[in-house]
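Quick note: the coordinates plus some simple rules give every number you see, no bench work behind them. Keep in mind that what you see is a predicted model, and the values were worked out from it rather than measured. All Cβ positions, even for glycine, are placed from backbone atoms using ideal geometry, and neighbour counts span all protein chains on display.
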Amino acid sequence: MAKPPIKPLQKERENRSADKKDLSFHAYNVTPESAYTSILLLASKEPEILCQTLRAITKFSAQDMVNRVTLFNLQAISFILPHVDHPELNIRRFALKALAQLCQLPRGPEQVLADPQNLRKIAYMLVKVEDVFVLEFASLVLSELTREPLGCEQLVSANILNSLCTRMKNSLDPDVQKNCLQTLSNLLDDPVCASEVTKNQQFSWPSLLALMQSQYLAIQHAALKTVDQLICRYKDQNVQKTFRASTGVLDLCDILESYEFRDVHTLVLGVLRDYVETEENAAHLYQSGCILRLLAYLEMALPAMKPHCLAVLTKMSFTSNGRDALFETGTDLVFCHQLLSSHVDLLADAAMGVANMTKLLPSAVRMSDTNIIEALCGILGDDAAVWFYIRMNALRALAELCRIIPKAAFSVIEPKTFASLRNINKKFKDNPIEAQRLAVQCYINLQNYHVSTRAMLNADFMQELINILQRIDISLKIMTCTVLSGLMKEEIAKDLFTMRQGEEAVSNNLKIEHIGLRTALCMLILASVTEDGADVYLDLGTIHYMVENTQARYVVSAWEPALEAIFRNHPSAKFAYTGRLDINDFTQEGFYVLTRLEQPFPSAAELARAPPPHCEPALLCALQPPRADTASGLDIRTPYRQSESRMAMRSTSRLRVPLMPDDPHLRGYLLRLKVWFGDPAKSLHYIEIEDAHYEVRYRDKCEEVSTSLKQRAQLLGEFVADQMSGLTQERDCSLPSVALHLADLMADFNSRVIGLGWVRCGGALERAVLYKVLADRLGLPCALFRGSSGHAWCEVAIPEVDPNEQQDVDERYPAGLLRANYVVDLMAQPGHLLPRGGAAARRVCGVPCALYTARSTEPCDCKPTNVKPKVA
């Protein structure tokens, strides 16, 4: 059976185009569906596709900043850069525009500047190309690239600054001018490239100043900013000189007087404020007549512009030439008038202007004739006013006026005005620390006048200052110490300081390891320390702390003088810590010595309060009789007696001398010796020698004085030894006998403190102390030294003339050069004067020991000896 034929897959078709073939490509439209596809199309070599793609990208980028970020993340800059110099003009335009848009992103310039050729290629377009659109977009790219320091460096190296300045001056397109101005401004912001702009030959002030009055606001802003950057180069003398020679200042004032340019008045005033920074520029502004124009503008300006105008005038008050100019034009009175206005924004600058103008004395006098003090204090007292910087500047002005004008200082201390100043530190929790410092500075300035100083001498004000010392700010503490030191010139201030426990505040602050603060505190101690205050410092342990802190004594220069000042007012502590009292140290009433050294050294009140049993005695110098038996002030038995007013003032302070049994024996010693020796004030060695007889009687007088003092020193030594040689016929003054005698006295008085006159059996220490106490009141120069707990000796200063010197030489020596030259023997041969440094003197001085001292002493270098006291 035959198979059926196979069916064909498709029907046969006629090839109609077989005879006519077309090998060309027919164009078709491609529509990208994403930004990524568009960027890929930038790799095309067809101009039409490139042009349409770049045009679409610029439209997409202009719609929103998010779109630019999207393009940047897709690396669009790397695809656009090859086309910025494309032969086709439209492609070049759109490429530059798209590049400028992407360079406005923060990281946009980074990719372009990675290759220096990119910026150089764009920069040369400003030189060679004249197409307006290319110039606009190329200059815009440069203005964005020069925001980076690398872009400024590459632009300067491209050497097109001449073309950049020329385009800024001559271009007809305002966009090109604005972009070129912005580029120059960016270069001026760079400290390295700025000098290249000012040195360029094409740069000139007239072209730049003309742009300040452009009809386009953006160009005005850019021009004013560039001018401000240039005049702020104060060290560039060429820029400053050429601007003063130009019409720049007058042009700025013309803009201020034009209502048409009111939108840039704030910028113009800012330029003027920066311009008057230097002395020369301030003088130039005055010579140009611009100050009067500014004052006229201040009167007619809108309220929002007045603070900016006043700021220019205030800035001038910081320079000497500016203050002279403001005084000549009466601007200082304008500052005073503005303080009374209701315009709050003007108060800060007006107050600062007043503060600065007080540096010019004629202006300060003129301003003080107004009610400026009341106005400033009113601002201070207004709690609604802000501190920064209205009340702060008002406080500065007040401080300066108080410093230089007495009338202003007297007005400030009026009760109402002074209360507003004091409230700053009274309510310190509500006020800034800067205001507290300025208020204290006012106190310092007020001390220039006696009347205002007296107003601060009261207990409340002293308490306020001591409270300030307890705050944490170091600068405030230092300034307060300055105020207190100034007040201490008055004696009443020292009593008030002790009454208000100022020593305790000083003692607490001394432990703060700050050199400046410690120095100020030591200066305060130097000015304020009294006998009562020194006793308080001893009670508080301040003396012991200052002695022990050897590092501070070397770091703080005033540490040692302050310690010496305390010792001067507390000889008992000085003798305990240094082991010596010089011939200029007077053993005042209440002087006491411990027979055995203790650490730290106790105060007299602490010794009096010591409970039994009493072991180690303290010898007390109590020459003053009980108040019930007090005789007249002329009685020689009362050599020291405080006035009633002074005692009343110290009624609340600590007692220097505790209530102790009367010591008639010591007063009897002194009375007997004064009968023998006469009044020290009328003694032979105090009689003046007339100049006419000086050469004749000089040597004879010296010998007469020397003989008199030597006799007194010997007689006093014999007297002391006689009074302390024991109560029995054996005259036993050995150490056990002395200890037993002192123990009996402590039991009799039920106290560690024993009156020095009651001691009748004494060793070296007791005799030396009695000798020093009596010598001080008899006018005998005597020094007291201590070598150990139970050993002491005295040295006297006997002025003698060297027999070997020429008699015809007229030499006069100050009394301060008098030095001890004899050691007094009070034990072996009482009353003998031994030349200092000799073998006999070294035996009296004993063995040098490691005494706890505040400063190094020079003890006698001797060998240990056993000296048996001689029976008197």
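Below are the figures for this structure:
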quantity: Mean-position separation - Cα centroids, segment 528-545 and segment 210-236, in angstrom; calculated: 67 Å
quantity: Relative contact order computed over segment 225-340 (Cα-Cα under 8 Å; 6+ residues apart), in percent; calculated: 25 percent
quantity: Segment 382-467 shape via C-alpha gyration tensor axes, a/c threshold 1.5; calculated: oblate
quantity: Extension gain (nm, one decimal) between Thr728 and Cys232, 0.36 nm per residue minus Cα-Cα; calculated: 168.8 nm
quantity: Gln287/Ser207 FRET efficiency (R0 22 Å; Cβ-Cβ; nearest 0.05); calculated: 0.35
quantity: Distance (nanometres) between label positions extended 7 Å along Cα→Cβ at Tyr36 and Ile512; calculated: 6.7 nm
quantity: Per-peptide average of other Cβ atoms within 10 Å, ordering 125-135, 174-184 highest first; calculated: 174-184, 125-135
quantity: Thr247 versus Ser320: modelled label distance in nm, points set 7 Å from Cα along the beta carbon direction; calculated: 3.4 nm
quantity: Protection proxy ranking, peptides 530-537, 249-256, 196-203, average beta carbon neighbours within 10 Å, highest first; calculated: 530-537, 249-256, 196-203
quantity: Derived scalar couplings ³J(HN,Hα) [segment 68-78; Karplus, 6.51 cos²θ - 1.76 cosθ + 1.60; whole Hz; x for Gly, Pro]; calculated: 5, 5, 4, 5, 5, 5, 8, 6, 5, 4, 5
quantity: Rounded FRET efficiency, nearest 0.05, which uses the C-beta distance separating Asn170 from Asp383 and R0 of 45 Å; calculated: 0.15
quantity: Unsatisfied cross-links (Cα-Cα over 24 Å) in the set Lys427/Lys489; Lys199/Lys241; Lys97/Lys121; Lys429/Lys489; Lys710/Lys772; Lys477/Lys574; calculated: Lys427/Lys489; Lys429/Lys489; Lys477/Lys574
quantity: Fully extended contour minus Cα-Cα distance, from His450 to Ala419, at 0.36 nm per residue; calculated: 9.2 nm
quantity: Gyration tensor (alpha-carbon) shape descriptor, segment 510-559, a/c threshold 1.5; calculated: oblate
quantity: Segment 300-385 shape via C-alpha gyration tensor axes, a/c threshold 1.5; calculated: oblate
quantity: Amide hydrogen neighbours beyond the local backbone of Ala828, cut-off 5 Å, H modeled; calculated: Lys870
quantity: For q = 0.14, 0.25, 0.29, 0.32 Å⁻¹, Debye-computed log10 I/I(0) when each Cα of segment 129-172 counts as one equal scatterer; calculated: -0.33, -0.98, -1.15, -1.21
quantity: Difference of contour (0.36 nm per residue) and Cα-Cα distance, Arg120 to Leu217; calculated: 31.9 nm
quantity: Burial ranking of peptide ranges 60-67, 151-158 (average Cβ count within 10 Å, highest at the top); calculated: 151-158, 60-67
quantity: Rounded to the nearest 20 debye, dipole of segment 455-573 from Cβ charges on Lys, Arg, Asp, Glu; calculated: 380 debye
quantity: Separation between Cα centres of segment 46-71 and segment 149-182, rounded to whole Å; calculated: 26 Å
quantity: Karplus-derived 3J(HN,Hα), 6.51/-1.76/1.60, for each residue of segment 212-217, Hz, glycine and proline x; calculated: 5, 10, 5, 7, 9, 5
quantity: Inter-label distance for Glu718 and Arg609, nm, one decimal - labels placed 7 Å from Cα along Cα-to-Cβ; calculated: 4.7 nm
quantity: Net charge of Cβ neighbours under 12 Å - reference Cys193; Lys, Arg +1; Asp, Glu -1; calculated: -4
quantity: Separation between Cα centres of segment 825-840 and segment 343-385, rounded to whole Å; calculated: 74 Å
quantity: Cβ-defined net charge surrounding Arg55, 13 Å radius [Lys, Arg +1; Asp, Glu -1]; calculated: +2
quantity: Counted charge near Lys477, where neighbours are those whose Cβ lies closer than 11 Å (Asp, Glu -1; Lys, Arg +1); calculated: +2
